[in-house]
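*Asks:* One structure, as structure tokens, below. Some questions next.
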Amino acid sequence: MRTSIHDRIALVTGASRGIGRAAALALAREGAHLVVAARTASELDTLAVEIRALGREALPVACDVSQASDVDRLFEQAHARFGRVDILINNAGAGKYGPVDTLTPEDYDWMMDTNMRSTFLCTRKALPGMRERRDGQIVFVGSVSGLRGTPNQAVYSATKHAQHGFATALDAECREYNVKVSYLAPGGTSTHFAFGMGRIEGDPKLEQYLDPEDVAEAVVFAVTQPPKARAFLIGVRPMREAL
């Protein structure tokens, strides 16, 4: 029996585009109210209008979740508006592809901060309330690259392996407090992700990739598991992607 998330408070990072946007709308259709975070205020405002049209409340917060002060402000606003965060979707991410020797230390810092530092900062703010209430769900939108290294994605793979290790440890810490942890490992997904940084807009291969809505359905699956069940590792792969 699926667990209802009606009137639950879900916070989604990287919500302005792609998987984050699709996940926010999917959660709203399931009855959740949304806190949506990203750096582009105009895109968040448009998303908030769509969420409200579904009959759900929406709080858009423009911020950089790799910065501790921004994350503090994000959670302060979320708690001021809703009083709690029941579901955290750690979705913010960045990638640049290419051989290792073509990447710079700045590229490394940017990917690690966006993908892993943001995960740490948001999780540490969401977890105390969940633990106190003995109720909560934390979902990591990772990658198949977090389970095995992929060519020309060494640094990106490293960030996603870090997320997977973090999620695995968190799962072990949180079970006794009835807080569920899930790590999603999607394959190629057709979004704006990494355009101009190793992916090419209009590449015919993108048509064979997952749609953001496909991954959003996996997010919904993770947060609607029956009370006694948790789905920790969820793989979602395009039909035509080689194993």
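*Asks:* Tell me the Kirkwood radius of the chain: reciprocal of the mean inverse pair distance over distinct alpha-carbon atoms, in Å.
*Replies:* Working: mean 1/r = 0.0559 Å⁻¹.
Final number for the Kirkwood radius of the chain is 17.9 Å.
*Asks:* Could you give the nm distance between label points at Ala80 and Asp135, where each point is 7 Å from its Cα heading toward the beta carbon?
*Replies:* 2.5
*Asks:* Can you sort Thr159, Thr104 by 1.4 Å-probe accessible area, starting with the largest?
*Replies:* Values: Thr159 0, Thr104 55 Å².
The ranking, largest first, comes out as Thr104, Thr159.
*Asks:* Can you tell me the length gained on complete extension of the stretch Ala229 to Arg73, counting 0.36 nm per residue apart and subtracting the Cα distance? Working shown, then result.
*Replies:* On the way: separation 156, 0.36 × 156 = 56.16 nm, distance 3.28 nm.
Residue separation times 0.36 nm, minus the Cα-Cα distance, leaves 52.9 nm.
*Asks:* Given the -39500 (n - 2.57) contribution per DSSP H run of 4+ residues, what per-residue ellipticity at 222 nm results for the chain, rounded to the nearest 500 deg cm²/dmol? Don't skip to the answer; put the middle values down first.
*Replies:* On the way: 7 runs with 97 residues, N = 243.
So the helix-based figure for the chain works out to -13000 deg cm²/dmol.
*Asks:* Taking a label point 7 Å from the Cα of Arg2 along the Cα→Cβ vector, which residues of the stretch 26-40 have an amide N closer than 19 Å to it?
*Replies:* Hits in the stretch 26-40 for Arg2 at 19 Å: 26-34.
*Asks:* What's the center-to-center distance, using Cα atoms, between the stretch 1-45 and the stretch 133-157 in Å?
*Replies:* 19
*Asks:* Right, something else. In the stretch 122-167, what percent of the accessible surface is made up of carbon and sulfur (1.4 Å probe, ligands and nucleic acids excluded)? Write down the numbers at each step before the final one.
*Replies:* Numbers: 910 of 1790 Å².
So the carbon and sulfur contribution to the accessible surface is 51 percent.
*Asks:* Under 18 Å between alpha carbons, and skipping anything fewer than 8 positions from Lys160 in its own chain: which aspartates and glutamates qualify?
*Replies:* The reachable aspartates and glutamates, counting only those whose Cα sits under 18 Å from Lys160, are Glu106, Asp107, Asp109, Asp113, Asp171.
*Asks:* Once the stretch 65-183 is represented by equal point scatterers at the alpha-carbon sites, with solvent omitted, what log10 I(q)/I(0) does the Debye formula produce at q = 0.18 Å⁻¹?
*Replies:* The Debye formula, applied to the Cα set alone, gives -0.90.
*Asks:* Report the label-to-label distance for Val49 and Ala154 in nanometres (one decimal), using points 7 Å from each Cα along the Cα→Cβ vector.
*Replies:* 4.6
The values are calculated or read from the model by the stated rules, or taken from the named source; none is laboratory data. Quick caveat, the model's predicted, so the values are computed rather than measured. Backbone-built Cβ (ideal geometry, glycine too); neighbour counts: all protein chains shown. In case anyone asks, the SASA skips ligands and DNA or RNA and just uses the protein heavy atoms, side chains included. Shrake-Rupley method; radii C 1.70, N 1.55, O 1.52, S 1.80 Å.
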